[in-house]
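What follows is a short report on a single structure.
The values are calculated or read from the model by the stated rules, or taken from the named source; none is laboratory data. Note that the structure is a prediction, hence the values are computed from the model and not measured. Backbone-built Cβ (ideal geometry, glycine too); neighbour counts: all protein chains shown. What goes into the accessible areas is simple: the full protein's heavy atoms, side chains included, and nothing from ligands, DNA or RNA. Shrake-Rupley method; radii C 1.70, N 1.55, O 1.52, S 1.80 Å.
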Amino acid sequence: MFPAPGHDHGRCASDAISHAEAICASRHERLTPIRRRVLEALLASHAPLGAYDLIDRLAAQGGRPAPITIYRALDFLREQGLVHRIESRNAFIACVHNHASGDPVVFLICEKCGAVGEAAAAAVADTIRSASRAAGFTPKTPVIEIFGICAHCKAA
Ligand SMILES: [Zn+2]
Ligand SMILES: [Zn+2]
Ligand SMILES: [Zn+2]
């Protein structure tokens, strides 16, 4: 879940782009150049990035994009389940899982290295759904953020 430091990240990032292309193609959505650049910038590492960090990264490649352009691309990527927002960090992270939008997501956030892992949430999702149903409540953004220390930092 937490990729080992020194893993083949080039491979990891290109697999994620192929995954995104496949998802968009199957839904008849377009991974436009700006959407792809935003996703690539998020895939540059396994740490979440804020919207302005993203703008800086893209500006470094030439041509500073307007914030609205970035937010629109992020909205699209979030709707497709390719990017999640981490509320407590006000930051975004690419996702390679195949979610339906509105699926509960559990983030494990390392306080030391900033890496974010996504835990398998099926059992948690069932619990949230039944607890919500019992309360007559409709959950909209079921995101759970858990802070701690990742396995790699613990071993270091
Ligand atoms: Zn990686
Ligand atoms: Zn996800
Ligand atoms: Zn860590």
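Per-structure values
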quantity	calculated
Trypsin sites (Lys or Arg not before Pro) restricted to the stretch 51-156 and DSSP loop, no more than 15 other C-beta within 10 Å	LYS112, LYS140
Helical contribution to [θ] at 222 nm, DSSP H n ≥ 4, -39,500 (n - 2.57), averaged over the chain, rounded to 500	-13500 deg cm²/dmol
Approximate shape of the stretch 14-94 as ellipsoid semi-axes (Cα gyration tensor, √5λ), whole Å, largest first	19, 14, 12
The stretch 33-156 - share of DSSP beta bridges that are antiparallel (%, nearest 5)	60 percent
Residue-level accessible surface for ILE128, protein heavy atoms, 1.4 Å, Å²	40 Å²
Unpaired by the 4.7 Å Cβ criterion, cysteines found in the chain	CYS12, CYS24, CYS95, CYS113, CYS153
Estimated FRET transfer efficiency (ARG27, ARG72; beta-carbon r; R0 25 Å; 0.05)	0.90
Axial C-alpha extent at least 20 Å, average Kyte-Doolittle at least -0.5 - helices from the chain (DSSP)	9-26
The chain - charge dipole about Cα centre, Lys and Arg +1 at Cβ, Asp and Glu -1, debye rounded to 20	260 debye
Sum of side-chain charges, ALA120 neighbourhood, beta-carbon under 13 Å (Lys, Arg +1; Asp, Glu -1)	-3
Inter-label distance, nm, simple model (7 Å from Cα along the C-beta direction), GLU111/ASN98	3.7 nm
Value of Rg to Rh for the stretch 115-156 (Rh from inverse mean 1/r over Cα pairs, i.e. Kirkwood)	1.14
Around ALA151: net Lys/Arg minus Asp/Glu count, Cβ-Cβ under 15 Å	0
Positive-end extreme of charge dipole, the chain - chosen from ALA22, THR69, PRO48 (charges on Cβ)	THR69
DSSP-assigned coil residues among chymotrypsin sites (Phe, Trp or Tyr not before Pro) in the stretch 75-156, each with at most 13 further Cβ atoms within 10 Å	PHE137
Amide H within-cut-off set for CYS95, under 5 Å, with H built and near neighbours excluded	VAL83, HIS84
Distribution of pairwise C-alpha distances over the stretch 14-156, 10 Å bins, in %	11, 38, 35, 15, 2, 0
